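The values are calculated or read from the model by the stated rules, or taken from the named source; none is laboratory data. The structure displayed is predicted, hence computed values, not measured ones. When we count neighbours, we look across all protein chains shown, and the Cβ atoms used for this are built from the backbone with ideal geometry, even at glycine. Ligands, DNA and RNA are excluded from the accessible area calculation, which covers all protein heavy atoms including side chains. Shrake-Rupley method; radii C 1.70, N 1.55, O 1.52, S 1.80 Å.
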Amino acid sequence: MSATDTQAGANSLRSGPDGRGRFGIFGGRFVAETLMPLLLELDAAYRAAQADPEFQRELDFYLKDYVGRPSPLWLARRMTEQLGGAKIYMKREELNHTGSHKLNNVMGQILLARRMGRTRIVAETGAGQHGVATATVCALFGMKCAIYMGATDVERQKPNVFRMRLLGAEVIPVTAGAGTLKDAMNEAMRDWVTNVHDTYFLVGTVAGPHPYPQMVRDFQSVIGVETREQIMAAEGRLPDAIVAAIGGGSNAMGIFHPFLDDLEVKLIGVEAAGCGLDSGRTAASIERGKPGVLHGNRTYLLQDEDGQITEAHSISAGLDYPGVGPEHSWLSDIGRAEYVGATDQEALDAFQLCTRTEGIIPALESAHAIAYAAKLAPTMGKDQIIVVNISGRGDKDIFTVAEHLGVKL
């Protein structure tokens with residue numbers, strides 16, 4: 001990613017957010033007065049870093065030699081043959097160091113935190129991928145690290161909890177609420193407010209108060225920038241559709257953003273439908289939510305009739321969040337991106353399809369995107385192209401998958 005890759009003209013769909021951190025009616029800073037000085041300081045520091053070529057040179061160095069970029073773009077031949085229809089390419093973010101796309105953003109923010117003179121990092125995590133990435137860079141740069149994780153997720157993502165502790169991080173189980181990502185984010189924000197003198201809050205997705213949604217998007221846009229170059233080299237043209245899973249939405253926004261002005265490229269976000277969109281046990285915030293305010297930004301949220309946030313459900317801990325990044329809410333409302341659902345069972349089926357046809361074990365998050373691509377491909381011509389973002393590897397999910405398949409490990 002270079003500075004020019006994140007810049008766009010005033011009439012571009014890539015030009016947001018506005019000066020108040022908003023994408024249409026979404027985004028902004030809905031926080032307590034005590035947090036405003038911190039967010040304004042962060043915004044100023046990020047803008048200064050963007051304007052400093054040395055910051056980009058340092059980030060490029062770590063992305064290449066530590067993260068392992070660029071990640072490959074893989075033509076999934078056997079899956080394409082089995083499904084029929086469009087060619088399916090996979091953007092292999094699971095091959096990054098630590099096994100997911102999360103390290104792209106974490107590397108950018110840890111360099112920013114060092115520029116700001118912070119020595120302690122707090123973060124929230126759901127599936128543990130963001131937590132592992134954060135613990136990794138804290139080990140790399142010798143910084144203190146506290147990771148808040150819902151107690152439910154601590155139990156279902158034990159391998160990642162062990163990795164974080166091996167890396168020297170303090171993993172703090174959160175028992176409030178349902179013990180999932182929403183509750184972990186609440187506690188991480190409380191820690192940040194209490195320890196502002198030395199602590200940086202390292203957000204893992206394109207949500208939260210401005211400038212986090214923009215900043216995380218910019219750092220993750222390296223995925224889409226590479227995809228554009230790689231598909232042009234492989235096929236000589238842009239894809240017909242790009243498909244990515246949506247929880248908070250960082251992997252999807254990363255691959256979508258460099259294509260927002262290419263209106264011939266269909267952008268499809270796949271939310272976790274859980275037990276079904278109308279089952280009452282879902283995490284599909286756009287498809288079954290309505291606008292509201294949570295964690296400092298206005299966006300689509302799962303709510304009851306009184307406006308209270310309801311618990312989300314997904315087999316995937318990383319998608320088990322009752323909201324979505326504000327830029328996704330805006331893209332949905334203006335019709336630039338389409339948002340659909342995939343159920344737990346469809347994700348499990350796609351997990352096995354990908355494993356057996358391509359020899360790639362995807363994260364359950366990514367399996368939601370594969371599930372929709374498997375429906376879409378047969379409806380398209382053989383000369384058409386789909387790119388699916390494989391946001392993470394599925395090693396962490398084998399216990400969950402085994403349990404659902406009735407296998408005792």
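Restricting attention to the range 103-160 and to residues that are of a type in the set (Lys, Arg) and more than 23 Å from Tyr46 (Cα to Cα), the residue that is modelled with the highest pLDDT turns out to be Lys158.
Considering the range 255-276 alone, what residues qualify as being part of a loop (DSSP other than H, G, I, E, B) and open to solvent by 10 Å² or more (accessible area, probe 1.4 Å)? Within the range 255-276, Asp261, Asp262, Leu263, Glu264, Cys275, Gly276 qualify. Within the range 218-235, not a single residue is of a type in the set (Val, Ile, Thr), assigned to a strand (DSSP E or B) and open to solvent by less than 10 Å² (accessible area, probe 1.4 Å).
Inside the range 167-188, residues that are in contact with a helix residue (DSSP H, G or I) (Cβ under 9 Å, 6 or more places away or on another chain) and at pLDDT below 90 make up a count of 7.
Out of Ala127, Ala135, Ala113, which single residue is assigned to a helix (DSSP H, G or I), of a type in the set (Gly, Ala, Ser) and more than 17 Å from Phe219 (Cα to Cα)? Criteria check complete, one pass: Ala135.
So, of the residues in the range 99-135 that are surrounded by fewer than 24 Cβ atoms within 10 Å (Cβ to Cβ) and free of Cβ contacts under 8 Å to residues at least 40 places away in the same chain, which turns out to be nearest to Lys64 (Cα to Cα)? Among residues in the range 99-135 that are surrounded by fewer than 24 Cβ atoms within 10 Å (Cβ to Cβ) and free of Cβ contacts under 8 Å to residues at least 40 places away in the same chain, the one nearest to Lys64 (Cα to Cα) is Arg114. Scanning the range 349-364 for residues that are open to solvent by 10 Å² or more (accessible area, probe 1.4 Å), within 18 Å of Lys396 (Cβ to Cβ) and in a helix (DSSP H, G or I) yields Phe351, Gln352, Thr355.
To keep it simple, each residue is scored yes or no on (1) open to solvent by less than 10 Å² (accessible area, probe 1.4 Å); (2) of a type in the set (Ser, Thr, Tyr); (3) touching a residue at least 40 places away in the same chain (Cβ under 8 Å).
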{"position": "Met253", "(1), (2), (3)": "yes, no, yes"}
{"position": "Asp278", "(1), (2), (3)": "no, no, no"}
{"position": "Ile286", "(1), (2), (3)": "no, no, yes"}
{"position": "Gly296", "(1), (2), (3)": "yes, no, yes"}
{"position": "Trp330", "(1), (2), (3)": "no, no, yes"}
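Assess whether Leu238 counts as being open to solvent by 10 Å² or more (accessible area, probe 1.4 Å), aliphatic (A, V, I, L, M) and touching an Asp or Glu at 6+ places or on another chain (Cβ under 9 Å). Let's see the steps before the verdict.
On the way: open to solvent by 10 Å² or more (accessible area, probe 1.4 Å): yes; aliphatic (A, V, I, L, M): yes; touching an Asp or Glu at 6+ places or on another chain (Cβ under 9 Å): yes.
It is true that Leu238 is open to solvent by 10 Å² or more (accessible area, probe 1.4 Å), aliphatic (A, V, I, L, M) and touching an Asp or Glu at 6+ places or on another chain (Cβ under 9 Å).
For the range 138-158, the tally of residues that are closer than 14 Å to Ile110 by Cβ, touching a residue at least 12 places away in the same chain (Cβ under 8 Å) and assigned to a loop (DSSP other than H, G, I, E, B) stands at 1. Looking only at residues that are surrounded by fewer than 24 Cβ atoms within 10 Å (Cβ to Cβ) and in contact with a Ser or Thr (Cβ under 7 Å, 6 or more places away or on another chain) in the range 192-217, which one is nearest to Arg156 (Cα to Cα)? Per the criteria, the residue is Trp192.
Just need a number here: residues in the range 368-409 that are assigned to a helix (DSSP H, G or I) and either touching a strand residue (DSSP E or B) at 6+ places or on another chain (Cβ under 7 Å) or open to solvent by less than 30 Å² (accessible area, probe 1.4 Å) (or both). So that I can check it myself, show each step before the final result.
The first filter runs over the range 368-409 and keeps only residues assigned to a helix (DSSP H, G or I), leaving 368-379, 395-404.
With the extra rule that they be either touching a strand residue (DSSP E or B) at 6+ places or on another chain (Cβ under 7 Å) or open to solvent by less than 30 Å² (accessible area, probe 1.4 Å) (or both), the set shrinks to 368-374, 376-377, 396-397, 400-402.
Qualifying residue count, the range 368-409: 14.
Entry remark, the range 159-203: residues being over 14 Å from Gly126 (Cβ atoms) and part of a helix (DSSP H, G or I) number 11 in total.
Could you look through the range 7-38, keep only residues that are among the hydrophobic types (A, V, I, L, M, F, W, C) and within 21 Å of the chain's Cα centre (by Cα), and pick out the one that is most open to solvent (accessible area, probe 1.4 Å)? Selected residue: Leu13.
Does Gly341 qualify as being modelled with pLDDT of 95 or more, in contact with a helix residue (DSSP H, G or I) (Cβ under 9 Å, 6 or more places away or on another chain) and not in a helix (DSSP H, G or I)? Yes; evaluated as a whole, the condition is true for this residue.
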